[in-house]
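> Questions regarding the structure given below will be posed in turn.
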Amino acid sequence: MRPKRAAELIGGSLYWIVKHRLVGCQQILRFDDREDGRIDIVCSAELIGVPPRPRRAHQGWRYLEDADAPRAGDEDASGVTALPPQLYGRLAALALV
C-alpha cells in the first residue's frame, strides 16, 4: 500500500535496521505503482552510514520526528562508526558496543 504521507516522504530518508541496529539510510526519490497493485520505493543508490543505534524490530512505516532521526555524518566520540562493519558486528554480538 502507498503510505498516507507519501508526498512528505519524497526527499526524506529510508532507514535500514539490521540485527536490531539502525545502520544506514538512503534518500527516497519517488514511489512507483506496479501492475500487480504493489508500490515500489525508489531510493538513491548511495547508502549513507549513520552511527549505529539499537532499534527494536517493527513492521510497516515508522515516521521519525526530526529530533529522533539520526543524521548522516553525526559522529560519536567513541569512534564506533569508523569501525569496519564486520568488526562492529562481531563486537556487537559480544555486547561490547
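> Expected output is a single nm value to one decimal: the length gained when fully extending between Lys19 and Arg38, i.e. 0.36 nm times separation in residues minus the C-alpha distance. What is it?
This chain segment gains 4.2 nm when fully extended.
> Next up: If each of Ala7 and Ala45 carries a label point 7 Å out from its Cα toward its Cβ, how far apart are those two points in nm?
3.1 nm
> Something else now. At 0.36 nm per residue, minus the direct Cα-Cα distance, what do Leu91 and Arg53 gain on full extension? Give it in nm, one decimal, please.
Working: separation 38, 0.36 × 38 = 13.68 nm, distance 1.37 nm.
Result: 12.3 nm gained on full extension.
> May I pose another question? Label-point separation (nm) for Arg30 and Ala69, each offset 7 Å from Cα along Cα-to-Cβ?
The two pseudo-label positions are separated by 2.1 nm.
Since every read-out is calculated from the coordinates, none of them should be taken as a lab result. As the structure is a prediction and not an experimental result, all values here were calculated from the model. Cβ sites come from the backbone with ideal geometry, for glycine too, and all protein chains shown count toward neighbours.
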